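Worksheet for the structure shown next.
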Amino acid sequence: MKTIIALAVGAVLAAGSTAALAQDQEGAKALATGVCSACHGPQGHSISPVFPNLAGQQSAYITLQLDAFRSHERGDPNARAYMWGMASQLSDTSIKGLADYYAAQKPAVGEIGDKPLMAEGQKIYTQGIAAQGVPACASCHGKDAEGAGAFPRLAGQHADYLVAQLQGFQSGTRANAPIMANVVRSMSPEQIKAAATYAASR
Amino acid sequence: MQRGKLRSLIAGFAVAAAALLLAPGSAQAVPSFARQTGFACEACHTVFPELTPYGRRFKLNGYTVDILPQVSGITPSKEQTLMLNQLPPLSFMFQTSYTSTKKALPDTALPDAFAKNGQVLFPQQASLFYAGRIAPNLGAFVQMTYDGTSGSFGWDNTDIRYARLANENFLWGLSLNNNPTVQDLWNTTSAWQSPFDQRSATAPGPGAGTMIDGGLADAGVAGVSAYGYLYNSVYVELGAYRSAPAAAQIDSTSTNVVKGAAPYWRLAYEHQWGRHSLEVGAYGVEAKLYPGGDVPLSGPTNKYSDWALDSQYQYIGDENLVSVTATYIHEKQTLDATYGAGASSNPSDTLKTLRIGASYYYDRKYGGALGYFSTTGSSDDLLYAQGDPVTGFANSKPDSKGWTAELDWVPYENTKIALQYTMYDKFNGGDTNYDGAGRNAKDNNTLYLLGWINF
């Protein structure tokens, strides 16, 4: 009898949580297509390089960033102008829902850049710049720039957006990634452009 | 009777010209959008009122992006029937100005005397806005304005829009508005033109202008248009306007009354790359107007066929902002009514306007702008009659040309101080003695200092 009750309660709870989960997913989708889409596009393919593509982005990374916007830990100019306000009303549940929604979308296809730039970028991306103490991007962001957990997907991103982020890490306006601040410290503008172009093209 | 008609037609024209002259500058920059979205002004404006690519997107979306706590209602089938900000999206705007013309204006009562030069308006204009979302896909930009030159409170720009994102590559919407081009996204068209969206409200301004460039809006119209935005680059809009002046009844005492509806169209292509954006487009209106002014609203009309080309370039860097805007407007006036009544010398006239302007801002704080403007058209003894000093056309031509330069200081994103100088090479058809009363075009050169805050 006890087992039956336990099973029944379990089933009800499971049904309840599935329903709640479905509702969260629906809510996240409504938020993404109704509000976020104005900049990031309905399926996470953004309308301009000022805004990142989110389709196929790592869920953990999106969660970390939304949290950092909400807590004002990430304060680059565009983060302040757009995302501080946007993230201010988000709950932990909606952040998780949004992160999962975008992670499940089909990523954008990367654009191939200039040949010499791509060649230099590939070298930096796969081998780093030993003389300047710059590690290979691939070591964290993956061979195909698909990212992993807290390390974001770079493949299919707008190259201009990646350049702006690297500049932000370098100048300190985007200060929520101490690892990246160290990585880009010695990189020249040309090297930044090359690495961003290659990573975005994957 | 014929003479009386003629006189009243001319009087009607003079009133219309005076209305053009005194129309307060439009203004768009509303902090309630910032409160509703949590976005800083710079998200939507390079420097207000000029829009950034995202600002255009926000407008296309019907002003509906919203993060505020909501009062909401749904039907049992979960259809959203109410989505209302808990606090109304209100904003306030205040403008104060100083205007000085190179030569003082004639006294209105005493011959050979002059008015006091150097006029302070406090306020020049004060506006109250309701600007924000009003339902799930419905938003409004509604402006009520106290006009310092007339000392009255009245209805101003209104744009109520419904917008839907059909899919990733197609967004469509409807706009209900009272000023052709107030719904437009770029700052080349008349309602929100930059860099010189603001002009002195008291200095004399050129008397001739095309219908699409403010003439129709000043006549009092309301219209609805449908628009589509494809692949984040192609904008198509089609609409129609009817007369809707503030008066309760439209009759022979009204002026420039639209016969039926006046179709409005707009086509534009925008390309964005990196921090740059470039728009090229065309727009126009076809309006058949009864001149009115003590003439019954029947019989022949004046037909105004306007087409225009425009282009806007923007570079929005972290520190440097550059904008270039240009428009060319061609108007063909087929004056069946006015010519038939003996109030124009030609059965048809043309009027052409060209405007080019460029602005630069450093740090969104310190800026400068330079622009050229020109309106030229057919010579017409009766349409452009000598009339009164300052506002008259002694040379029977509508031509006005000149330059405007401006220095701007934007200490805060919602506060602007502008120092502007306008030079006229030609004014109402002439450079010297253009009004037949001894006034030269240069006498109307205007120094204008504007203080502008929005909160």
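Structural remarks
- Residue within region B:307-314 that is farther than 25 Å from B:CYS44 by Cα and part of a strand (DSSP E or B) present: yes
- Of the residues examined, A:GLU120 is one that is open to solvent by 40 Å² or more (accessible area, probe 1.4 Å) and in contact with a helix residue (DSSP H, G or I) (Cβ under 6 Å, 6 or more places away or on another chain).
- Among residues of region B:292-314, those that are at pLDDT 95 or above and more than 19 Å from the chain's Cα centre (by Cα), counted: 6
- Check on A:TYR82, at pLDDT 95 or above, part of a helix (DSSP H, G or I) and of a type in the set (Ser, Thr, Tyr): no
- In region B:266-275, the qualifying residues are those that are open to solvent by 40 Å² or more (accessible area, probe 1.4 Å) and more than 21 Å from B:LEU174 (Cβ to Cβ), and the one that is nearest to the other protein chains (Cβ to nearest Cβ) is B:GLN272.
- Being farther than 28 Å from B:LEU51 by Cα, away from chain A (no Cβ under 14 Å) and not polar (S, T, N, Q) holds for only one residue in B:GLY281, B:GLY293, B:GLY239, B:GLY223, and it is B:GLY293.
- Scope region A:123-156; condition in contact with a helix residue (DSSP H, G or I) (Cβ under 6 Å, 6 or more places away or on another chain) and on the phi > 0 side of the Ramachandran plot; matching residues: A:ALA145, A:GLY147, A:GLY149
- Condition broken by B:LEU6, with the remaining ones in (1) open to solvent by 20 Å² or more (accessible area, probe 1.4 Å); (2) modelled with pLDDT of 85 or more; (3) more than 14 Å from chain A (Cβ to nearest Cβ) satisfied: (2)
- Test: residue in region A:82-95 that is among the aromatic types (Phe, Trp, Tyr), open to solvent by 20 Å² or more (accessible area, probe 1.4 Å) and touching a His at 6+ places or on another chain (Cβ under 9 Å): yes
- Residues that are in contact with a strand residue (DSSP E or B) (Cβ under 7 Å, 6 or more places away or on another chain) and within 12 Å of chain A (Cβ to nearest Cβ), drawn from region B:60-71: B:LEU60, B:ASN61, B:GLY62, B:TYR63, B:THR64, B:ASP66, B:LEU68, B:GLN70
- Set B:GLN95, B:GLN124, B:GLN70, B:GLN143: member being surrounded by fewer than 19 Cβ atoms within 10 Å (Cβ to Cβ) and among the polar types (S, T, N, Q): B:GLN70
- If only residues of region B:98-118 that are closer than 21 Å to B:GLN420 by Cα and among the aliphatic types (A, V, I, L, M) are counted, the one that is least open to solvent (accessible area, probe 1.4 Å) is B:ALA104.
- Residue in region B:347-362 that is under 30 Å from B:SER252 (Cβ atoms), polar (S, T, N, Q), open to solvent by 30 Å² or more (accessible area, probe 1.4 Å) and out of contact with any helix residue (DSSP H, G or I) (no Cβ under 7 Å at 6 or more places or on another chain) present: yes
- Helices (runs of 4 or more DSSP H) completely within region A:138-201 that count 3 or more residues being among the aliphatic types (A, V, I, L, M) and open to solvent by 20 Å² or more (accessible area, probe 1.4 Å): A:159-171, A:178-184
- Unmet requirement for B:TYR424, which otherwise passes all of (1) buried (at least 19 other Cβ atoms within 10 Å of the Cβ); (2) under 30 Å from B:PHE33 (Cα atoms); (3) in contact with a strand residue (DSSP E or B) (Cβ under 7 Å, 6 or more places away or on another chain): (2)
- Answer residue from region B:148-168, given it is closer than 21 Å to B:TYR130 by Cα and of a type in the set (A, V, I, L, M) and is nearest to the other protein chains (Cβ to nearest Cβ) among those: B:ALA163
- If the condition is being out of contact with any helix residue (DSSP H, G or I) (no Cβ under 8 Å at 6 or more places or on another chain) and aliphatic (A, V, I, L, M), then region B:391-428 contributes B:ALA394, B:ALA405, B:LEU407, B:VAL410, B:ILE417, B:ALA418, B:LEU419.
- Single residue of B:THR375, B:THR338 found to be in a strand (DSSP E or B), buried (at least 21 other Cβ atoms within 10 Å of the Cβ), away from chain A (no Cβ under 14 Å) and hydroxyl-bearing (Ser, Thr, Tyr): B:THR375
Conditions (1) in a loop (DSSP other than H, G, I, E, B); (2) among the hydroxyl-bearing types (Ser, Thr, Tyr); (3) in contact with a helix residue (DSSP H, G or I) (Cβ under 6 Å, 6 or more places away or on another chain); (4) open to solvent by less than 10 Å² (accessible area, probe 1.4 Å), marked per residue:
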{"residue": "B:ASP159", "(1), (2), (3), (4)": "no, no, no, yes"}
{"residue": "B:ARG164", "(1), (2), (3), (4)": "no, no, no, no"}
{"residue": "B:VAL182", "(1), (2), (3), (4)": "yes, no, no, yes"}
{"residue": "B:LEU185", "(1), (2), (3), (4)": "yes, no, yes, yes"}
{"residue": "B:ALA226", "(1), (2), (3), (4)": "no, no, no, no"}
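- For region A:52-77, the set of residues classified as crowded, with 21+ Cβ neighbours inside 10 Å and either in a helix (DSSP H, G or I) or within 9 Å of chain B (Cβ to nearest Cβ) (or both) consists of A:ILE62, A:GLN65, A:LEU66, A:PHE69, listed by residue number.
- Taken together, the criteria exclude B:TYR130 from residues that are surrounded by fewer than 21 Cβ atoms within 10 Å (Cβ to Cβ), modelled with pLDDT of 95 or more and hydroxyl-bearing (Ser, Thr, Tyr).
- Residues in region A:35-51 that are part of a helix (DSSP H, G or I) and open to solvent by less than 20 Å² (accessible area, probe 1.4 Å): A:SER37, A:ALA38, A:CYS39.
- Just one of the listed residues (B:VAL65, B:VAL30) is hydrophobic (A, V, I, L, M, F, W, C), open to solvent by less than 40 Å² (accessible area, probe 1.4 Å), over 30 Å from B:THR391 (Cβ atoms) and at pLDDT below 85, and it is B:VAL30.
- Residue within region B:245-265 that is part of a strand (DSSP E or B), in contact with an Asp or Glu (Cβ under 9 Å, 6 or more places away or on another chain), touching a residue at least 60 places away in the same chain (Cβ under 8 Å) and within 14 Å of another protein chain (Cβ to nearest Cβ) present: no
- Among residues of region A:82-130, those that are farther than 15 Å from A:ALA159 by Cβ, polar (S, T, N, Q) and away from chain B (no Cβ under 14 Å), counted: 3
The values are calculated or read from the model by the stated rules, or taken from the named source; none is laboratory data. Small disclaimer: the values here were computed from a predicted structure and weren't measured. We place every Cβ from the backbone using ideal geometry, glycine too, and count neighbours over all the protein chains shown. These accessible areas exclude ligands, DNA and RNA; they are computed on the full protein's heavy atoms, side chains included. Shrake-Rupley method; radii C 1.70, N 1.55, O 1.52, S 1.80 Å.
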